[in-house]
Amino acid sequence: MTRVYMHWSMEVLETHQTLNNAGHISPNNMEKLFVFETLSSYIKFIAIVSAVVGSIFFYKYRKGKARYFVVYLWLIAATEFAYKIAYYDLMDEDPRSTIIVSNLFVLFQALFCLLWYRYLVIEKSVKRLIMIMLLFFLLFFFVDALFFKSLPDYFLKSSSIFGTIFIVVAVLIYFREVLNSDFVLKLNRSVYFWFSLGLLAFNIPFLPIWLMAEYLGFDTQVYRSLVFILNVIMHACFIVGILWSKKEYNNY
């Protein structure tokens, strides 16, 4: 997931600018770039595998609300490759290109997840709550981008934090509703469970890890490794859910 780049987008940008200015790169920065490029390549591969598997087995949930999640899987994959293009092809012309990709992903991810879970839940009061979170996020994002920080120049950290929290809340609300229904007996054979589990498995531990890396001087290499592992777990949940689920439990 492109949020793996949050902590080191500016670090990589600074390294790139240093290389342009000095004409060479230090061994320390060379190691940073190697790790960055290696992990980002693996993440792109995992993301595209999830999207392809989701498309191949689309027939399992094409009549249900889960069909929209395939769009999200391709959004993740497309964003990973957009970041690669921004880094390798556009960085010299516009060093801010990677930041723009990251900020747009924060926006579209929160939009999709909140709208999707609003579509999934049944209770009207819960639907209203998720819509309130969505409107608050949109308002905060655009105020953050227009008045506090520039969308192309700075990563919108506060907006990303709110987006992550709201996604977690929306997933937990969905689980609460399902656990109080008869569908709970079939939950583990449904893609809705595995998609939601994947989102929780990534977002719940990601936020504290990212905050420690951002504000407490958490080791960058450790951060990268942990977020890579979270990506693997998340996509593994997606893929397992697609393969393990039964068609009759996905079409609602």
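The values are calculated or read from the model by the stated rules, or taken from the named source; none is laboratory data. In this text, all values refer to a predicted model and were calculated from it rather than measured experimentally. Every residue, glycine among them, receives a Cβ derived from its backbone with ideal geometry; neighbour counts consider all protein chains shown.
For the stretch 146-196, what are the residues that are over 19 Å from Leu129 (Cα atoms), aliphatic (A, V, I, L, M) and assigned to a helix (DSSP H, G or I)? Result: Leu146, Val184, Leu185, Leu187, Val191.
Close contacts from the stretch 176-191, counting a first residue that is within 24 Å of His235 (Cα to Cα) and a second that is of a type in the set (D, E, K, R) and exposed (fewer than 15 other Cβ atoms within 10 Å of the Cβ), with Cβ to Cβ under 6 Å and a gap of 6+ residues or different chains, come to Arg189/Lys246. Scanning the stretch 195-252 for residues that are closer than 17 Å to Tyr59 by Cα and of a type in the set (A, V, I, L, M, F, W, C) gives Phe195, Phe238, Ile239, Val240, Ile242, Leu243, Trp244. Among the residues examined, Tyr72 does not qualify as at pLDDT below 90, on the phi < 0 side of the Ramachandran plot, part of a helix (DSSP H, G or I) and touching a helix residue (DSSP H, G or I) at 6+ places or on another chain (Cβ under 8 Å).
Phe195 meets the conditions (1) closer than 22 Å to Leu139 by Cβ; (2) touching a Gly at 6+ places or on another chain (Cβ under 7 Å) in every case but one. The failed one is (1).
Restricting the stretch 75-100 to residues that are more than 28 Å from Val53 (Cα to Cα) and assigned to a helix (DSSP H, G or I), the residue that is modelled with the lowest pLDDT is Leu90. Filtered by the rule that a residue be surrounded by fewer than 13 Cβ atoms within 10 Å (Cβ to Cβ) and part of a helix (DSSP H, G or I), the stretch 109-135 gives Tyr119, Lys124, Ser125, Arg128, Ile132, Leu135. Number of residues in the stretch 42-67 that are over 16 Å from the mean Cα position of the chain (by Cα) and surrounded by fewer than 20 Cβ atoms within 10 Å (Cβ to Cβ) equals 12.
Here Ile242 fits the description: closer than 21 Å to Leu172 by Cα, over 18 Å from the mean Cα position of the chain (by Cα) and either not small (Gly, Ala, Ser) or not in a loop (DSSP other than H, G, I, E, B) (or both). The residue that is nearest to the chain's Cα centre (by Cα), counting only those in the stretch 215-231 that are surrounded by 15 or more Cβ atoms within 10 Å (Cβ to Cβ) and assigned to a helix (DSSP H, G or I), is Asn231. Reported count of residues in the stretch 219-242, each being without any contact (Cβ under 8 Å) to a residue 24 or more places away in the chain and over 29 Å from Trp74 (Cβ atoms), is 2.
For every residue, the table says whether it meets (1) under 16 Å from Arg176 (Cβ atoms); (2) of a type in the set (Val, Ile, Thr); (3) at pLDDT below 95.
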position: Cys113; (1), (2), (3): no, no, no
position: Arg118; (1), (2), (3): yes, no, no
position: Glu123; (1), (2), (3): yes, no, yes
position: Ile130; (1), (2), (3): yes, yes, no
position: Phe136; (1), (2), (3): no, no, no
position: Leu139; (1), (2), (3): no, no, no
position: Val143; (1), (2), (3): no, yes, yes
position: Phe147; (1), (2), (3): no, no, yes
position: Leu151; (1), (2), (3): no, no, yes
